[in-house]
Every structure is written in C-alpha cells, then in structure tokens.
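**Student:** What follows is a single structure, and I will ask about it in a moment.
The values are calculated or read from the model by the stated rules, or taken from the named source; none is laboratory data. In this text, all values refer to a predicted model and were calculated from it rather than measured experimentally. No Cβ is skipped: glycine too gets one built from the backbone with ideal geometry, and neighbour counts run over all protein chains shown. Accessible surface areas use protein heavy atoms only, side chains included; no ligands, DNA or RNA. Shrake-Rupley method; radii C 1.70, N 1.55, O 1.52, S 1.80 Å.
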Amino acid sequence: MELVAGETLSQRIHRKSVPVDEALGIAREIAEGLEYAHDHGIVHRDLKPANVKITPEGRVKMLDFGLAKAYASDRTAADFSESPTLSAPATEQGVILGTAAYMSPEQARGRVVDRRTDIWALGCVLFEMLTAKRAFAGDNVTDILAGVVKGEPDWTLLPAGTPQVARALLRSCLQKDPRRRCQHVGDARIAIEDAMAQPATSADMPATTAHKSRPLWRRAVPVLAAAIVVGSMASAVTWYVLRPGAPAVVRFSLILPEERQVSRLNNMLALSPDGTQLAYAAGGQLFLHDLAGTEARVITGKDSEVQEPVFSPDGSWIAFWSRNDLTLKKIAVTGGMAVPLCDTDGDAGSLSWHREGIVFTTLKGILQVSENGGEPQLLVPSLAGEVFDSPQFLDGGETVLFTIAKGQTADRWDKAQIVAQRLPSVERKVIVDGGSGARFVPTGHLVYALGGTLLAIPFDPRSLETTGRAVPVADGILRSANPASTPAVVPFVWSSTGTFAYFKGQGSGAQQRIALVDQSGTVQPLPLPARPWVHPRVSPDGSQLVVGADDGKDAAVWIYALKGGGEPRRLTFEGRNTSPIWMPDGKHVTFQSDREGGLGLFKQQADGAKAAERLVKSESGFSLRPEAWTKDGTLAFLKSEPPGLGDIWMLPPRGAAPKPLVEHPESNQRYAAFHPEGQWFAYVLGTQPRRRQLSGFRSAVSTDGGQISGNRRKQLRASVVPRRQAALLCRAAH
C-alpha cells in the first residue's frame, strides 16, 4: 500500500479546532474521492477521520477502502473513533460493518448498505470537523449505536459562521431513513462548493446567493427535493434551476400513502409551464400538487388509469392517456369531468402539448390530435423495426424532435438516435447518436438521457446544430428495468421558468425484492437481497426458484433454494440471459440469450454442472422467448420482431423442426400456457397490443386481455390488466 505522509484528520481535529472554510475544503475533497469511488462501483463503508490523511502539501487522501475480514485486535479502545473495525465476512447481510461512531443506521442494524452509508459518514465527519465533537458519542459501542439508530446530533454545537447551505447538507446527510437522505455524493459536493462560495453568515441569516463565476450548468444546483415513498419503491423527485443566481439548497419530503402506486414503466410526471404545480399519476389517479402548499388533491377517479400527463401551454388543462379505455383525454386543473379527445387503438405515450395540438407516439409512429379532439393525424410514420419516443415540436409545428430506437436489446435506448425532421419532409437529421428522451429547454440546451444520467448540450433549434459539448446535469435517473421491451421512460419534466423535476432511482435497474404468495393471499418475503429481479419462476417440485436479474447492462439467470435458503447462485455468465422457465424435469432451465448473436433459446442444468445447450437459433431481426413446456417435452415459445408483433411457435421433442401453433396473419400472440394435464392450450391473441382475447383454441374466454397460468384445479388464471381486476378464473374446457 502507498505510504502516505502527514497526519490523520482525527489528529488534526484533536490538535486544534478546524475553521469553517478549512473544514468545508476538506469535506469537498472527501466528497470528490467518494464520488469517484461510487462511480466505479465501490462503497467505502468505513469512512471516519482516522481513515483520512492530510499530506504536508495539504492534499486529502482517503485510506483503508478494504474492510478487515477479522477483528483487528482484542483490546478495548478508549477512543471509539480509533476503535477496531467491526467486521466479519465483508458483504454478509446481518453483520455489522464499519466503525460504530460513523455507522449509518442501516449499517448498525446489520442490513445491506449502499453508497448512501458513505454519505451518512461524510455528514458525521463534517459535523465533527465543525464542532470538534462526534455527532454520535457514548461511553461504549452499545451507547454509540443507540445514538446512531435513535438519537440526533446536537445541532446547537455548529459554529455561528456555518453557512446555511452546509447546515441543510448536514441534516440531509444524517437522515436516518436512507430514502430521505442525500442520494448522491455529487449533490453533496455541489452543496459544499456553494457553501464555500458564500460569505460567512450567522445561523439565522439564510444564504440566498450562488457562485456566479461558475458556468451555467455548474450552477445547476438542486433547490427542492421530494422523497416519494410509493409502496415498496422509494423514488425522489428533484427540482433544479438553470438560471443565474440560483438559490441555495432547500429540501423537504413529500410522503405519499402506500395506495399511490407510481409506475416506473411510464412517464408519470408533469410540471406546469410556470413551475408552480406538479402533476403526477399514482394508483390510476391524477394528483395535482401546488408547490406552495403541502397537500396534493385528486382531480380524476381511479377508473381512468391515468398515464403520461402533460400540461397545456397556458397551464389550465392536463392531457393524459387512459389505460382503462385506451383513450386520450384532458381535464381542467380545477377538476371535473375528463373530456375524451381520441381513441388511440393501443398503447400511447410520450405526450407533448404545443400550440397546434397534442402529439404522442404509438406503434404506428408520431400522431397529433387537436386540443379540442377529433381524428388523430399521422405526422411521422415508423419504418419496420423502429420505435419512437419523446416527440417535441421545436417551432410552430414545422420541425419535430424525437428519439428512434431499433431492435429489442437491453441497450437499445442508449444506442438510440435523437433526430429532427422538418415536416412534411421525410428526411431526418441526427442530432445525437447515442441517447434518448431528448427535450429542448428554455436555457437553449438539449437535455437527454444516457443510462441513468441526464446530459445537456447547447443546441440551436434554427440550424438544428449542437454548439458545444455535452455535460452531465444529474444522475441516478429512474429508468425502466426492462428497456428491451418498454419505452425509453425518462421521467423528467421542465417548466418555462427553468425548473425541472425528475424521479431519482437506481438508473435502469430498479431494486426489487421477491415474495411468495399462497392462494389465501398470505405473503412470505424471501430473504434475498434487493436487486433488479425479473421473471421469477418456482420449480415443479417447489424446491427452487429461478429468476432473472437485469440492471440494463448485465442480465443473468439465478437459482435460489427455497428449502434450505442460503445465498442465490448465479447460473449464467456468458452474454445477456433473460426470461428463465423450468423444464418439466425440474433439473433444467430454459432461457433467452444473445450469447451466439440474436436472441435464441438455450437450456442448462440448474446445478450448473454443464454448459448451456442451444435449442433454437434466432433468425435475423427476430426475438425468441420461452413460454411453457408440456410433460412430453414440447416447448412453446414466442417469436417476435419489432415493433412487437409475434406468434407462438412449438418446438416438438426429439429434434423436430419448430412450427407456428396457429396461423394468425398480422396478429399479436402472447403468454402461452398449457393446461396441467396437457389437453388444453391458452394464449393471448390480438391485432393490437392490449386489444386481445384470451383463447383456448377457438373458445374466447376473456375480451379484456390477460396473462395466463395453469393451476391444479384445471382452471386458467388470467390477470386482467386494463380493468385492474385481481383475477379472472375460467374453466379451460368451458
């Protein structure tokens, strides 16, 4: 290891008090180091003054990134800032890691930790530098941990000259609930820089000026953050301003009740043009929150199934897409009856309202409807294999900006093109090659997403040319967990006053937990770590679980023993592997993989003893996904191509060639399931997405669509999505 000269920060604090400006400078360098580590997937987990050194040249260095795997010694330390690291197998859940005085509450409880535990420790270190007292002290480790979990720092100890921004940052870093804590150390670094730019102020004199010598995008500091707790998903909606003289950081939380479920698969936010009102869709309803107040009010009923809200240019109306009846509607911000505008004949998304009307996307392309309703006009038809997103007019309806993605790979939105097309011409000009969800904003920038990061680039809407380089604006933007099959979903919105709001999450892979639910409705959570889990399936004998994990970059199949527990075991390592299902013997797993090019079908022993074996090779441009097996070894799989039309094919046993199940020209088949005894087969059929019939050969048993599974009672269970019914049970032999 490097020999670092100088004294530790712990020695510096005990030698004499640290002036406010010096403390902020040290904290800024610590934050920069943590930001670099976090960007490379490393969490320190043991940040404390004893692990920070100040060199004779004044540089700050963080030490001891590797937590000890055994106790450092058996002695009892009198100074708990110098106590041995409490450790065990370094990443085991349920084990306390780190040093007591600087542990986050979740770390002290032995729970799984992430980068927010370092942000807590940064707050502890900054508090100690400013006050020469630890934020959480005690006579022994037990007392210290009790203070961490239940107590509060003595905020009166902060020096009178501590900038208001630094005070707000400390309270944000030391929030006990990690969902309400400062979510990214880069935000903390920016706040520290702003605090350093302010003259010393008294505690009761709020600082309201920003550092005006920094470039515009470096002044894009957060002015309002709202942590929205939605069921099991914690998201943050953060507002930024991009105009000179931005105010200092101010934060508060907007806690939503559990019944307000916010979908991460669709754009659910809208900001009024003047930036004073936020609309969001949750639990199928539309809520309007006046940012000057504390409560949101409902302006639509639950039967609307609201998605994709957008304000009118004058802020008096909100348009939205109703999933319930596949209709575009608008409603006054004062409430009342929703006014139908047009039937979308399938999924619609990416609504944008300009003076000529409302534009939106479907599988057909980009359409426009008058704000008074009527027949939609197809403005830009999509070509074979193209998927459109985020249309926006740059002028009086002559040029449309939008995103084009192709294929069905998980990185398709990061490889997408942001283009502009002057109507009625069919020629497109590529503005950005690699990114999605672009918006042209009042500051003269084009803002778009790449992964979980928002980037901004100067843009001239007249010449359709970028005039500078892209710089990051914010990261940790919530994206879809299944980008290969869902829209771009970049949930950020802008006002004409320069503010914007976005959902803050885990990038493109939302962290989820897995639970078992029996037929009585009893929920049994599984002791698995939170990951971007998708497509869980229980083995035929009920002893094992196979599940995919897809964070948008890496996709793998995992096996977990339901009987006996333990850690989940990764089964696949080559390529991207998704949609696992069990074979009838309960010893093999079938999944989709791109390991040989395209999206083919493979099988592999669940114990991982042998390499995967290819079952069906994908044809160019097609995606194959396993659906179901019969007892005699026949596999049903979905064969589809963009923009989503597909057919159910059958792969008979003993090497026979695959063939389509039923010929339906221009149809859209999905969700195949065999009756447990094999005499019936069910699938979803429709000429347009979400306009499907649930069919048992020639017998239609549902006209509202569904996803099918068989059960031992010889029935079919179809989850009826549009009407949000819990289940529809139909006799297979009806």
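**Student:** Could you tell me whether the stretch 39-50 includes any residue that is of a type outside the set (Asp, Glu), open to solvent by 30 Å² or more (accessible area, probe 1.4 Å), under 26 Å from the mean Cα position of the chain (by Cα) and modelled with pLDDT under 80?
**Tutor:** no
**Student:** Can you name every residue in the stretch 566-597 that is on the phi > 0 side of the Ramachandran plot and under 26 Å from the mean Cα position of the chain (by Cα)?
**Tutor:** Gly575, Ser579 - these are the residues of the stretch 566-597 that are on the phi > 0 side of the Ramachandran plot and under 26 Å from the mean Cα position of the chain (by Cα).
**Student:** Tell me which residues, restricted to the stretch 596-607, are in contact with a Lys or Arg (Cβ under 8 Å, 6 or more places away or on another chain), assigned to a loop (DSSP other than H, G, I, E, B) and without any contact (Cβ under 8 Å) to a residue 60 or more places away in the chain.
**Tutor:** Passing the criteria: Glu596, Gly598, Asp607.
**Student:** Just to be sure I understand the filter: pairs with C-beta atoms under 7 Å, separated by 6 or more residues or on different chains, first member in the stretch 369-388 and within 12 Å of Gly357 (Cβ to Cβ), second member modelled with pLDDT under 90 and part of a loop (DSSP other than H, G, I, E, B). Which pairs pass?
**Tutor:** Leu379/Leu423
**Student:** Residue check: is Arg75 open to solvent by 40 Å² or more (accessible area, probe 1.4 Å) and at pLDDT 85 or above?
**Tutor:** Details: open to solvent by 40 Å² or more (accessible area, probe 1.4 Å): yes; at pLDDT 85 or above: no.
So Arg75 does not fit the description; no.
**Student:** Something else about it: More than 23 Å from Ala501 (Cα to Cα) and of a type in the set (A, V, I, L, M, F, W, C), is that true of Leu286?
**Tutor:** No.
**Student:** While we're on this one: So which residues in the stretch 354-374 are open to solvent by 60 Å² or more (accessible area, probe 1.4 Å) and closer than 13 Å to Pro313 by Cβ?
**Tutor:** If we filter the stretch 354-374 for residues that are open to solvent by 60 Å² or more (accessible area, probe 1.4 Å), which is where we start, we get 355-356, 363-364, 371-372.
Across the stretch 354-374, the qualifying residues are Arg355, Glu356, Glu371.
**Student:** Can you tell me which condition Thr55 does not meet? The list is (1) open to solvent by less than 20 Å² (accessible area, probe 1.4 Å); (2) in contact with a helix residue (DSSP H, G or I) (Cβ under 9 Å, 6 or more places away or on another chain), and all the others hold.
**Tutor:** (2)
**Student:** One residue is enough: does the stretch 549-560 have a residue meeting the conditions farther than 29 Å from Arg111 by Cβ and open to solvent by less than 40 Å² (accessible area, probe 1.4 Å)?
**Tutor:** No, the stretch 549-560 has no match at all.
**Student:** Go through the stretch 5-38 and report how many residues are within 34 Å of the chain's Cα centre (by Cα) and either outside any helix (DSSP H, G or I) or closer than 20 Å to Gly161 by Cβ (or both).
**Tutor:** Residues in the stretch 5-38 being within 34 Å of the chain's Cα centre (by Cα) and either outside any helix (DSSP H, G or I) or closer than 20 Å to Gly161 by Cβ (or both): 5 in total.
Here's the yes/no breakdown for (1) at pLDDT 80 or above; (2) buried (at least 23 other Cβ atoms within 10 Å of the Cβ); (3) touching a strand residue (DSSP E or B) at 6+ places or on another chain (Cβ under 6 Å):
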{"residue": "Phe440", "(1), (2), (3)": "yes, no, yes"}
{"residue": "Pro491", "(1), (2), (3)": "no, yes, yes"}
{"residue": "Gly498", "(1), (2), (3)": "no, no, yes"}
{"residue": "Lys504", "(1), (2), (3)": "no, yes, yes"}
{"residue": "Gln512", "(1), (2), (3)": "no, no, yes"}
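**Student:** With respect to the numbered conditions (1) modelled with pLDDT under 90; (2) part of a loop (DSSP other than H, G, I, E, B), which one is the sole condition not fulfilled by Leu145?
**Tutor:** Unmet for Leu145, out of (1) modelled with pLDDT under 90; (2) part of a loop (DSSP other than H, G, I, E, B): (2).
**Student:** Looking at the stretch 346-353, is at least one residue at pLDDT below 85 and farther than 21 Å from Val419 by Cα?
**Tutor:** yes
**Student:** Hey, among the residues in the stretch 608-624 that are small (Gly, Ala, Ser) and without any contact (Cβ under 8 Å) to a residue 60 or more places away in the chain, which one's most open to solvent (accessible area, probe 1.4 Å)?
**Tutor:** Taking the stretch 608-624 first, the residues small (Gly, Ala, Ser) are 608-609, 611-612, 618, 620-621, 623.
Filter again for without any contact (Cβ under 8 Å) to a residue 60 or more places away in the chain, leaving 608-609, 611-612, 618, 620.
Values: Gly608: 39, Ala609: 75, Ala611: 90, Ala612: 30, Ser618: 16, Ser620: 115 Å².
Filtering the stretch 608-624 for residues that are small (Gly, Ala, Ser) and without any contact (Cβ under 8 Å) to a residue 60 or more places away in the chain, the one most open to solvent (accessible area, probe 1.4 Å) comes out as Ser620.
**Student:** Can you give me the number of residues within the stretch 312-329 that are within 21 Å of Leu379 (Cα to Cα) and either surrounded by fewer than 19 Cβ atoms within 10 Å (Cβ to Cβ) or not small (Gly, Ala, Ser) (or both)?
**Tutor:** Total satisfying the criteria: 7.
**Student:** Are any residues in the stretch 330-353 crowded, with 20+ Cβ neighbours inside 10 Å, in a strand (DSSP E or B), of a type in the set (A, V, I, L, M) and out of contact with any Asp or Glu (no Cβ under 6 Å at 6 or more places or on another chain), and if so, which ones?
**Tutor:** Ile331, Leu341
**Student:** Please enumerate the residues belonging to the stretch 535-547 that are in a strand (DSSP E or B) and open to solvent by less than 30 Å² (accessible area, probe 1.4 Å).
**Tutor:** Leu545, Val546, Val547
**Student:** Moving on. Among the residues of the stretch 130-138, is any under 17 Å from Asn51 (Cα atoms), touching a Phe, Trp or Tyr at 6+ places or on another chain (Cβ under 9 Å) and either among the β-branched types (Val, Ile, Thr) or open to solvent by less than 10 Å² (accessible area, probe 1.4 Å) (or both)?
**Tutor:** No; the residues of the stretch 130-138 include none that is under 17 Å from Asn51 (Cα atoms), touching a Phe, Trp or Tyr at 6+ places or on another chain (Cβ under 9 Å) and either among the β-branched types (Val, Ile, Thr) or open to solvent by less than 10 Å² (accessible area, probe 1.4 Å) (or both).
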